[in-house]
Amino acid sequence: MAFPFFQKAASNAIGERCRDDTATKLRLRYAPYYHAMEAQQGTTVRLNGRDMIMLASNDYLGLSFHPKVIEASRAATLKWGSSATGARVSNGSRAYHVELEEKLAAFLGKEACHVHAAGYLSCLSGVAAFAQKGDAILADKNIHSCLWDGIRLSNVFRTTTRPISAPSPPPCLPPRRK
């Protein structure tokens, strides 16, 4: 959804100030955000009358339009309503969270698993949960921000290196003991 004060037709003082801002002018020139897709079918979207493959979606497999997914969504909406009413960390889990996690753990042959709403949260909480005070994390400086946030939350010692190539260890590691 486009913010109305960034549109060219806006004539209010805030809109004029925003449009005169250099950073805003650059954003508007390249318009990388707030595109309104006209249609979607699987992993294909239509933007400005042109069909394109969507490479930035979380619908990696194009299952959001699968008939079984839509039917399961309808059934869940009738039973639970249209919202989980907030984050699990604040409001607690629902029975469907527990059921899904138990089925995934059984399918994967694991003792348990935990499902997050986003990959960002999974990475962040994974690092924050397993790294403990006294641990050290050696991180490539180019890792994703979700990993950096997890490292910051864990309060462990951290150091960065140039991008790490797999065949050779980074120079800041001590020699391997034999």
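Quick note: the coordinates plus some simple rules give every number you see, no bench work behind them. All values derive from a computational prediction rather than experimental measurement. Counting neighbours? That spans all protein chains shown, and the Cβs are built from the backbone with ideal geometry, glycine included.
Go ahead and run the numbers for FRET between residue 115 and residue 20, Cβ-Cβ distance against an R0 of 41 Å, rounding to 0.05.
0.35
Could you name the aspartates and glutamates in cross-link range of residue 79, using Cα to Cα under 15 Å and dropping any fewer than eight places away on the same chain?
Cα-Cα hits under 15 Å: 71, 99.
Among 115, 89, which comes first, then next, by fewest other beta-carbon atoms within 10 Å?
Ascending Cβ contact count within 10 Å gives the list 89, 115.
Just to be sure I understand the model, the point goes 7 Å from the Cα along the line to the Cβ. What's the resulting residue 100 to residue 69 distance in nm?
Spacing of the two 7 Å Cα→Cβ label points: 1.2 nm.
Note down the net charge around residue 37, summing +1 for each Lys or Arg and -1 for each Asp or Glu among other residues with Cβ under 13 Å from its Cβ.
Net charge in that neighbourhood comes out at -1.
Answer rounded, prolate or oblate for region 119-161, using the Cα gyration tensor with square roots of eigenvalues a ≥ b ≥ c: rounded when a/c is under 1.5, else prolate when a/b is larger than b/c, else oblate.
Cα axes put region 119-161 in the oblate bin.
Label residue 90 and residue 47 with points 7 Å out from Cα along Cα→Cβ: what is the distance between them in nm?
The two pseudo-label positions are separated by 3.0 nm.
Would you pull out the residues with amide H under 5 Å of residue 158's amide H, same chain only if 5 or more places away, H placed 1.01 Å from N?
For residue 158, whose amide H was placed from the backbone, the distant partners under 5 Å are 137.
In a shell of Cβ-Cβ distance under 14 Å around residue 133, excluding residue 133 itself, what net charge do Lys and Arg (+1) and Asp and Glu (-1) give?
Local charge sum for residue 133: +1.
Using the count of nearby Cβ atoms within 10 Å as a rough guide to exposure, how do 151, 70 rank from fewest to most?
Going from least to most buried by this count: 70, 151.
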